[in-house]
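The values are calculated or read from the model by the stated rules, or taken from the named source; none is laboratory data. Just so it is clear, the model here is predicted, and its values are computed rather than measured. Neighbour counts run over all protein chains shown; Cβ positions are idealised from the backbone, glycine included. What goes into the accessible areas is simple: the full protein's heavy atoms, side chains included, and nothing from ligands, DNA or RNA. Shrake-Rupley method; radii C 1.70, N 1.55, O 1.52, S 1.80 Å.
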Amino acid sequence: MDTNTSGWEHSVDLLVVGSGAGGMTAALCAHGRGGTVLLIEKSDRYGGNSAMSSGCMWIPNNHLMAQAGVSDTPEEALAYLKAITRGVVPEERLRVYVAEAPAMLRYMTENSRLELQVLPDYADYYPEAAGGKPGARSVEPKRFDARLLGDEFEQMREPAVQVLMMKRIAMTVLEARILVCRSPGWKNLTARLMGGYWLDIGGRLKSRRDRRLALGNALIGMLRLSLMDRGVPLWMNTAARELLVEDGRVMGVVAEREGRAIRIRAKKGVVLAAGGFESNGLMRKQYLANPTRAEWTCGSPESTGDAIRMGTKVGAELDLMNEAWWGPTTVVPGEDRARMLVIEKALPGCIFVNKHGERFVNEAGPYIDVVTAMYKRHTPQTPCVPAYLVFDATYRSKYPCGPFLQASQQPDWRLPKAFKRSYLRKSDTLEGLAARLGVDADGLKAAVERFNQYARTGKDLDFHRGESLFDRYYGDANVRPNPCLAPLDKPPYYGMEAFAGDLGTKGGLKTDARARVLTEAGEPIPGLYAVGNCSASVMGHSCAGAGATIGPAMTFGYLAAGDAIRA
Ligand SMILES: Cc1cc2nc3c(=O)[nH]c(=O)nc-3n(C[C@H](O)[C@H](O)[C@H](O)COP(=O)(O)OP(=O)(O)OC[C@H]3O[C@@H](n4cnc5c(N)ncnc54)[C@H](O)[C@@H]3O)c2cc1C
């Protein structure tokens, strides 16, 4: 379908749509290869979902693994990806990911401000699968000083509240684990982080935002500064609206900038890096399993599926549209995004139950599997969406959960009224709690009784919680014999709803191993690339480990840039 491609107002080699990790990496790599580049961002904040995230990247066989004493090979990494994706993803794409992800990471550390630390014990999500590893394939950004960005810092999208301590203090992945699992030194670390935050007097006078950035904000800070170093322009408040095609080749886009339509020519290609559709309620209903709601996502409000719609208009094929980076979420009164229950669900002394009060999943398993199980088991007779997170007073006293700190630091009487009224249900008996949650009381009592026996023996005979090394990563090492299992036997009992949420969607434009967008016939559309959550994920229905979304977004951004500039 040809469009009118005359009257360009701006011209570059590569146009990148979307300023998340995928887009910024593509822009940096294209510039590094000698191309002229423009990055456009539709909102008044750059960084997208990537800025809100934990910023981990899953990069098998990466150059930091040796430091952690973990060996890896391309063969093992490929075997692992094949085992978890089960034939859904063409082997060629998996092979390219295995070969190019470590190359991307090295390139970025040598040619940008990206600085990383390895997560030595963060196991792959399926470490017992062929080629799985006990850690070190996931890396996170080091802390980054926001002052290096000057005024540009103010335009960076804020971190998700769930990745901050007390909604304001930044923590790295390594620090978060120590704090939440109460590992040795957690009290000193808390004091150090709080001290560092309050002693940044200059920062406190300006805003409540922590300037010692960590996680996704650190990653985006490093990438933004690298773009500034290179003088690569980023146009904010500029939304791509339509792809312009001539003789079957994508020549550029129409974008809306300050209320005006402008035509931008992209001589070597357009990289769509505009995120998924998690915040588009209609697309969720159309493509994802139902019931589903945009309120259940933790992802970016700007992820409204724009790139997917633009791509399909020029003949692109879609894939994996029913998929998301699923995880159970809690919708907290007064907060604008849901929070994912990533760590809380693995800690001992809690269970998920359905409307019948029955357990239905290994709570400590990968978060993607929890929601997959919710939908799989969800029928009108056995509703599992929402499910309910149930725990007892011991759990409540020891661990932070969702928006509240452990009761030893934030007792029930200090919880906001809205939480007590309609969010956190509580009762001195399991029957009472069941009535408050609207769950079957006999079912809940039976499930708790059975689970308590498993907790005592350390063996969950139903769902094998705590058997995988991954389950134990967020367990409590002080709890024996199984760090993920403790009885729910101390009243009062608590419960809250857990929804079929996500960190973002992962179905979208179908691409080949060079990130080129494909037609239904499997042919690349010349001049069009897609990376990150607007493209169908290289992980298929699965998720390899921490960073399995940002690692591929950056890797395919690097590959798209190389392919376009070379062409
Ligand atoms: C709390 C949380 C923690 C997470 N932790 C991790 C983690 O540790 N590791 C990991 O791998 N993943 C993590 N994720 C998921 C991850 O953040 C996303 O999957 C990933 O950032 C998507 O990157 P992207 O580059 O595709 O899109 P994004 O980062 O969302 O960037 C897309 C950008 O495109 C812009 N845009 C949209 N439409 C247009 C348009 N029409 N024109 C111009 N611009 C447009 C958006 O405004 C946005 O800025 C987490 C998510 C959350 C919410």
- Query: So how exposed is ARG95, as accessible area in Å² (1.4 Å probe, rounded to 10)?
  - Reply: 130 Å²
- Accessible surface of LEU38 in the full protein assembly, 1.4 angstrom probe, to the nearest 10 Å²? 0 Å²
- Note on the structure: Here FRET efficiency (C-beta to C-beta, LYS142 to LEU405, R₀ 22 Å, nearest 0.05) is 0.25
- Which whole-number percentage describes the relative contact order of the stretch 1-50, with Cα contacts under 8 Å and a sequence gap of 6 or more? 41 percent
- More than 19 Å apart: what percent of Cα pairs in the stretch 219-286 qualify? 53 percent
- Query: Given the rule -39500 (n - 2.57) for each run of at least 4 DSSP H residues, summed and divided by the residues of the chain, what is its mean residue ellipticity at 222 nm, to the nearest 500 deg cm²/dmol?
  - Reply: -9500 deg cm²/dmol
- Query: If you place +1 on the Cβ of every Lys and Arg and -1 on the Cβ of every Asp and Glu, how big does the dipole about the Cα centre of the chain come out, in debye to the nearest 20?
  - Reply: 1420 debye
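At a threshold of 8 angstrom on Cα-Cα distance, excluding pairs fewer than six apart, so keeping six or more, what relative contact order does the chain reach in percent?
Rounded, it is 23 percent for the chain.
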- Message: What is the percent carbon and sulfur in the accessible area of the chain, measuring with a 1.4 Å probe over the protein chains and ignoring ligands?
- Response: 50 percent
- Report the full-extension gain for the segment ARG309 to TRP198: residue separation times 0.36 nm, less the Cα-Cα distance, to one decimal in nm. 35.4 nm
- With all protein chains in place and a 1.4 Å probe, VAL232 shows an accessible area in Å² (nearest 10) of 10 Å²
- Message: Can you tell me which lysines have their Cα less than 26 Å from the Cα of LYS82? Leave out same-chain residues fewer than eight positions away.
- Response: LYS133, LYS376, LYS506, LYS510
- Largest to smallest accessible area among THR555, THR429 [probe 1.4 Å]: THR429, THR555
- If you average the sequence gap of Cα pairs under 8 Å that are 6 or more apart and divide by the length of the stretch 263-379, what percent do you get for the contact order? 20 percent
- Find how many whole Å separate the alpha carbon centroid of the stretch 516-567 from the alpha carbon centroid of the stretch 375-438. 40 Å
- Task: Please give every one of the lysines within straight-line cross-link reach of LYS417, meaning a C-alpha to C-alpha distance under 22 Å, and leave out same-chain neighbours fewer than 8 residues apart.
- Result: LYS167, LYS398, LYS426
- Two-decimal ratio, the stretch 408-538, of alpha-carbon radius of gyration to 2.2 N^0.38 Å: 1.63
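Of the GluC sites (Glu not before Pro) in the stretch 91-142, which ones lie in a loop per DSSP and count no more than 16 other C-beta atoms within 10 Å?
Those that pass, being in a loop and sparsely packed, are GLU115, GLU128.
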- Largest first, how would GLU358, GLU344 line up by accessible area (1.4 Å probe)? GLU358, GLU344
- Going through the stretch 161-219, which trypsin sites (Lys or Arg not before Pro) have at most 12 other Cβ atoms within 10 Å and a DSSP loop state? LYS167, ARG208
- Item | Accessible surface ranking that places the most exposed of TRP8, TRP235 first, with a 1.4 angstrom probe | TRP8, TRP235
- Å² of accessible area per residue within the chain, as computed with a 1.4 Å probe and no ligands counted: 38 Å²
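What helices does the chain have that are whole DSSP H segments, at least 18 Å long along their own axis by Cα, and with mean Kyte-Doolittle hydropathy of 0.0 or more?
Counting only whole DSSP H runs, the qualifying helices are 215-230, 550-566.
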